[in-house]
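> Can you keep this structure in mind? I'll have questions shortly.
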Amino acid sequence: MLLKSRVELLEITLLRSLNARMSLSDKDVRNYTRLKKGFEDEQKSDLWLEGLSEEWLVIHDLLLEHNNSKFQIDTLLISHDKIYPLDIKNFEGDYFVEGEKWCTSTKKEMKNPVHQQNHCVILLRSLLQDLGYHNPLEPYLIFINPEFHLYITTINPSLVFHSQINRFLKKLNTRPVKLNKRHYKIAEQLVALHIVESPYPHLPAYHYEQLEKGILCPKCFSLFSEIHGLILTCGHCGCTEGVESAVLRSVTELSLLFPDQKITTKIVRDWCKIVKSEKTIRRILGKHYKQIGHGKSANYVLPND
Ligand SMILES: [Zn+2]
């Protein structure tokens with residue numbers, strides 16, 4: 001049972017929006033591309049777990065902190081008798097191990113992933129003990145890319161290569177799986193401890209006036225160029241969307257980019273640009289948001305704020 005899936009980093013969402021509305025430096029574009037590719041790879045990498053029976057608790061992408069050290073766990077499996085922290089690697093090409101050193105085929109030394117994982121496991125064990133849990137941990141490094149080969153002279157059972165994944169899943173599926181409330185409690189506590197880091201310190205500087213206004217197409221992220229009645233059409237990819245959902249998406253985007261900005265009819269009309277009717281904007285905001293105040297000073301907040 002999947003308890004926590006992987007969600008796109010807010011930093012990616014915001015960089016995508018800035019990339020469409022202003023010109024980013026080469027460095028910021030590279031950072032955006034790297035983060036996006038990383039997320040896509042991670043999503044793909046979760047597919048291999050689909051062969052796992054439903055009785056397991058699966059938690060993806062945990063960022064935790066213990067003893068002032070932050071550590072990340074790609075995937076955590078909770079079973080009746082053990083907890084499995086998995087580190088998923090999408091390395092491609094030839095690598096070799098010499099003693100404790102991991103190198104690429106061009107002899108470039110890299111961080112030893114086994115050491116990195118051991119460090120996380122020590123912190124996780126200590127965190128769990130502090131919470132009162134003493135379940136044994138069994139970590140694995142999973143190499144999901146079929147184009148990866150590791151030249152290694154000793155057998156390390158905690159490394160699982162692409163050709164071994166099916167057998168590894170079979171092995172997991174034969175283990176006793178009866179879970180009780182305590183297992184669910186561990187999972188819930190860890191998910192509650194997950195840290196969401198603020199993306200704002202990492203973003204390039206931007207301000208409202210400099211950003212291009214309009215509604216971004218949800219498929220190709222260029223600005224919608226045509227509006228007919230209540231339907232918007234993207235001149236770039238041909239995608240169409242109703243005005244209501246497009247305006248709501250844009251309000252969310254505006255609030256994420258400018259968390260302190262009050263949502264008013266005037267600012268939303270300016271932000272959306274292509275939807276000229278103030279009446280339409282007011283109707284959409286009134287339907288989905290809670291109105292605070294009246295007349296020109298009215299602003300809108302989400303109903304549960
Ligand atoms: Zn488009």
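> Going through 217, 237 one at a time, which residue ends up being within 12 Å of the ligand (Cβ to nearest atom) and open to solvent by 40 Å² or more (accessible area, probe 1.4 Å)?
237
> Exactly one of these conditions fails for residue 246: (1) open to solvent by 70 Å² or more (accessible area, probe 1.4 Å); (2) assigned to a helix (DSSP H, G or I); (3) within 12 Å of the ligand (Cβ to nearest atom). Give me its number.
(1)
> Another question, then. Evaluate the following for residue 182: is it open to solvent by 90 Å² or more (accessible area, probe 1.4 Å), assigned by TED's automatic domain parsing to the domain that holds residue 46, touching a Leu at 6+ places or on another chain (Cβ under 8 Å) and within 28 Å of residue 66 (Cβ to Cβ)?
When the stated conditions are applied, residue 182 does not pass them.
> Can you pull out every residue in segment 262-305 that is more than 28 Å from residue 20 (Cβ to Cβ) and among the aliphatic types (A, V, I, L, M)?
292, 298
> Just checking, how many residues over segment 221-234 are assigned to a loop (DSSP other than H, G, I, E, B) and either closer than 16 Å to residue 16 by Cα or open to solvent by 40 Å² or more (accessible area, probe 1.4 Å) (or both)?
6
> Report, by residue number, each residue of segment 254-274 that is away from the ligand (no atom under 14 Å from the Cβ) and touching a strand residue (DSSP E or B) at 6+ places or on another chain (Cβ under 7 Å).
Within segment 254-274, 255, 262, 263, 264 qualify.
> Going by what's in this entry, would residue 171 be described as at pLDDT 95 or above and over 28 Å from residue 69 (Cβ atoms)?
For residue 171, the condition - at pLDDT 95 or above and over 28 Å from residue 69 (Cβ atoms) - is not met.
The values are calculated or read from the model by the stated rules, or taken from the named source; none is laboratory data. Note that the structure is predicted; figures quoted are calculated from it, not measured. When we count neighbours, we look across all protein chains shown, and the Cβ atoms used for this are built from the backbone with ideal geometry, even at glycine. Keep in mind that these areas ignore ligands, DNA and RNA; they rest on the heavy atoms of the full protein, side chains included. Shrake-Rupley method; radii C 1.70, N 1.55, O 1.52, S 1.80 Å.
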